[in-house]
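What follows is a single structure, written as structure tokens, with notes after it.
The values are calculated or read from the model by the stated rules, or taken from the named source; none is laboratory data. All of these numbers come straight from a predicted model, not from anything done at the bench. Here the Cβ positions follow ideal geometry from the backbone for every residue, glycine too, while neighbour counts run over all protein chains shown. Ligands, DNA and RNA are stripped out before the accessible areas are found, and what is left, the full protein with its side chains, is counted by its heavy atoms. Shrake-Rupley method; radii C 1.70, N 1.55, O 1.52, S 1.80 Å.
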Amino acid sequence: MDTFHALVAHQKGDQITASIRTLTSSDLPPGDVTIRVLFSSINFKDALALTPGSGVVRKYPVVPGIDLTGEVVESQSPEFAVGDKVLAHGYQIGTGHHGGYAEYARLPAEQVVALGTLSPHEGAAIGTAGFTAAMSVQALVDWGIAADAGPVVVTGASGGVGSIGVDLLAAAGYQVVASTGKPQAAELLKSLGATEVIGRLPADPDAQARPLAASRWAAGVDCVGGATLADLLSAVNYGGAVAASGLTGGAALHTTVMPFILRGVALLGMDSVLMPIDRRRDLWARLGDALRPPHLAEVTTDVDIKDVVGVLDQLRAGEFTGRAVVRVAGAF
């Protein structure tokens, strides 16, 4: 571990590039758990880390990869022993300090989760996106949205959060409508359990937005934001809710108070970055048990570390479907 390989993002002027570099153990951040990284994954935030002006990364150079799974090789924490299989995501991983696209990572124990029944590959396949999907589904359940309440729409359904959201909702017995701009993904989404696949919301992007539309959805999982979220909120049934986690459609939300004060609609924000570790570990334990996505393999593509930048470009352009797992150990 004196030296190891990593995919490092560098900034020069207004350009950000990434290349494989050799690092030393002194490059790792402080922490009491050192992990040999087996797998990472690709998330939209990783694409933003290589996007000039996104504001995601505090300081370059940095090793991207906002999640990772692996094996503990050193530990000063009584919670973890050498050989334990673990995962980590959120906090400043891959944005404020070196993340998962490296052969080794070092983290505080309070940011580390035991993999439990999940394999390292499964943990990476779920990753930040799948965890956010699980948060969204659980938030709707906790709000009281029953499986027989009516159709639940998932926007950006072909993406990482969306595809696993469809899978989890369908497995729980919900009537799932998948909204996507990729007609070619319809067959996959139906195989995950979607009863209907529709185009992007709003159906007519040029139409005048209405403060309230006809009630259409019992609830929603929104992975897009912007005009899509505004349209979704306007058509949620009385007492319904939307779990929102995305901004690929824009960070601005142009809506009115009408859905909230006339229909009692709830907008539930999903943030996996700073979720307290006890709740994080509990949800991961459930993802390895009752909440395990039944079609995880069908939405997962394995990616070589040398191809990560190209896949990030596809993801940024909205051209990638499902989840991408990055093999790190032995890949350099």
(request) Report, ordered by the first and then the second residue, all pairs with beta carbons closer than 6 Å, sequence separation of six or more or different chains, a first member in the range 61-77 that is outside any strand (DSSP E or B) and open to solvent by 40 Å² or more (accessible area, probe 1.4 Å), and a second member that is at pLDDT 95 or above and of a type outside the set (A, V, I, L, M). (result) P61/H10; Q76/D32
(message) Return the residues of the range 49-60 that are within 21 Å of R21 (Cα to Cα) and open to solvent by 40 Å² or more (accessible area, probe 1.4 Å); say none if nothing qualifies.
(response) P52, R58, K59, Y60
(request) Scan the range 135-148 residue by residue and report those that are in contact (Cβ under 8 Å) with a residue 40 or more places away in the chain and either within 20 Å of the chain's Cα centre (by Cα) or in a helix (DSSP H, G or I) (or both). (result) M135, S136, V137, Q138, A139, L140, W143
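Let's see how each residue does on (1) over 18 Å from S272 (Cα atoms); (2) open to solvent by less than 40 Å² (accessible area, probe 1.4 Å):
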site	(1), (2)
Y174	yes, yes
L189	yes, yes
Q208	yes, no
V242	no, yes
(request) Starting from the range 115-134, take each residue that is within 16 Å of I277 (Cα to Cα) and in a helix (DSSP H, G or I) and list its partners that are open to solvent by 10 Å² or more (accessible area, probe 1.4 Å) and β-branched (V, I, T), counting only C-beta distances under 7 angstrom and pairs at least six apart or across chains. (result) T128/I66; T132/V161
(message) Could you list, ordered by first residue, the pairs with Cβ atoms under 7 Å in which the first is in the range 24-40 and surrounded by fewer than 19 Cβ atoms within 10 Å (Cβ to Cβ) and the second is of a type in the set (G, A, S), at least 6 apart or interchain?
(response) D32/S75; D32/S77; D32/A109; R36/G70; R36/A329
(request) Please verify whether the range 196-206 includes one or more residues that are open to solvent by 70 Å² or more (accessible area, probe 1.4 Å) and in a strand (DSSP E or B). (result) yes
(message) Checking the conditions here, which among S272, S215 is part of a loop (DSSP other than H, G, I, E, B) and closer than 30 Å to T117 by Cβ?
(response) S272
(message) Being assigned to a loop (DSSP other than H, G, I, E, B) and either more than 23 Å from R327 (Cβ to Cβ) or touching a Gly at 6+ places or on another chain (Cβ under 6 Å) (or both) is the filter here; which residues of the range 81-108 pass it?
(response) A81, Y91, Q92, G94, G96, G99, G100, Y101, P108
(request) For the range 78-119, enumerate the residues that are open to solvent by less than 40 Å² (accessible area, probe 1.4 Å) and small (G, A, S). (result) G83, A88, G90, G94, G96, G99, G100, A102, A105, A109
(message) Could you go through the range 150-159 and let me know if any residue there is over 19 Å from the mean Cα position of the chain (by Cα) and under 23 Å from D27 (Cβ atoms).
(response) no
(request) State whether one or more residues within the range 227-236 are at pLDDT 95 or above, in a loop (DSSP other than H, G, I, E, B) and charged (D, E, K, R). (result) no
(message) All but one of (1) under 20 Å from A227 (Cβ atoms); (2) open to solvent by 10 Å² or more (accessible area, probe 1.4 Å); (3) not in a helix (DSSP H, G or I) hold for V161; state the number of the condition that does not hold.
(response) (3)
(message) Here is a list: G13, G31. Which entry is more than 18 Å from the chain's Cα centre (by Cα), farther than 22 Å from A125 by Cβ and modelled with pLDDT under 95?
(response) G13
(message) Looking only at the range 250-281, filter to residues that are touching a residue at least 40 places away in the same chain (Cβ under 8 Å) and out of contact with any strand residue (DSSP E or B) (no Cβ under 8 Å at 6 or more places or on another chain); which one of those is least open to solvent (accessible area, probe 1.4 Å)?
(response) M275
